[in-house]
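Scroll down for the structure; my scribbles are underneath it.
Where a number appears in this text, it was derived from the coordinates with a stated rule and is not lab data. Predicted model, so just to flag it, every value in this text is computed and none were measured. Cβ sites come from the backbone with ideal geometry, for glycine too, and all protein chains shown count toward neighbours.
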Amino acid sequence: MVWHTPFTRDRECQHALDTVKRALSNAAVVAPLDPKAKYSLCIDGSQHPLGAVLAQVQEKAEKVLGYFSGTLHLVEMRYPSSDRELLGI
């Protein structure tokens with residue numbers, strides 16, 4: 001997608017997004033919490049959105065515990081990228 005290109009979310013787009021969201025929140029993808037395992041928090045603070053994934057290493061593999069997302073306020077969008085990523089914490 002090119003910046004400043006109009007985007008219209010039609011029914012096909014919405015269906016694809018709903019399918020991806022269901023797949024990512026499926027019990028086979030999202031693991032239950034293990035209080036004894038170490039945590040991992042991956043954060044991405046882009047220009048507008050903010051996203052994070054909380055995970056743990058369980059059975060020698062990284063398992064997702066949850067996905068988080070949000071949008072930045074106008075002032076926060078001007079922060080340096082490292083500061084935007086700290087907002088995810």
> Per residue of the chain, what 222 nm ellipticity follows from adding -39500 (n - 2.57) for every DSSP H run with n ≥ 4, rounded to the nearest 500?
Replying inline: -6500 deg cm²/dmol
>> Quick check: the distance between the Cα centres of segment 24-56 and segment 69-85, to the nearest angstrom?
In response: 19 Å
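Please sort by residue number the trypsin sites (Lys or Arg not before Pro) in the chain whose DSSP state is loop and whose Cβ has at most 12 other Cβ atoms within 10 Å. Write down the numbers at each step before the final one.
Values: sites: Arg9, Arg11, Lys21, Arg22, Lys36, Lys38, Lys60, Lys63, Arg78, Arg84; in loops: Arg9, Lys36, Lys38, Lys60.
Answer in residue order: Arg9, Lys36, Lys38, Lys60.
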> If you take the charge dipole of segment 30-86 about its Cα centre, with +1 on Lys and Arg Cβ and -1 on Asp and Glu Cβ, which of Val75, Ala61, Gln47 is farthest toward its positive end?
Replying inline: Ala61
>> Less than 15 Å Cβ to Cβ from Pro32, Lys/Arg counted +1 and Asp/Glu -1: what total charge do the surrounding residues give?
In response: -1
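Dipole size in debye (nearest 20) for the chain around its Cα centre, Lys and Arg Cβ +1, Asp and Glu Cβ -1? Walk me through the numbers on the way to the answer.
On the way: 10 positive and 10 negative charges, 32 e Å.
For the chain, the charge dipole is close to 160 debye.
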> Hey, fewest Cβ within 10 Å first, where do Ile43, Ile89 land in order?
Replying inline: Ile89, Ile43
>> Tell me the volume per residue, in Å³, of the convex hull enclosing the alpha carbons of segment 30-86.
In response: 82 Å³
> What residue among Val64, Val75, Val30 shows peak mean-square fluctuation when the chain is described by a Gaussian network model with Cα springs under 10 Å?
Replying inline: Val75
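With a sphere of radius 12 Å drawn around the Cβ of Asp18, what net charge do the other residues whose Cβ falls strictly inside it have (Lys, Arg +1; Asp, Glu -1)? Please report the intermediate quantities before stating the final value.
Details: positive: Arg9, Arg11, Lys21, Arg22; negative: Glu12.
Charge balance near Asp18 sits at +3.
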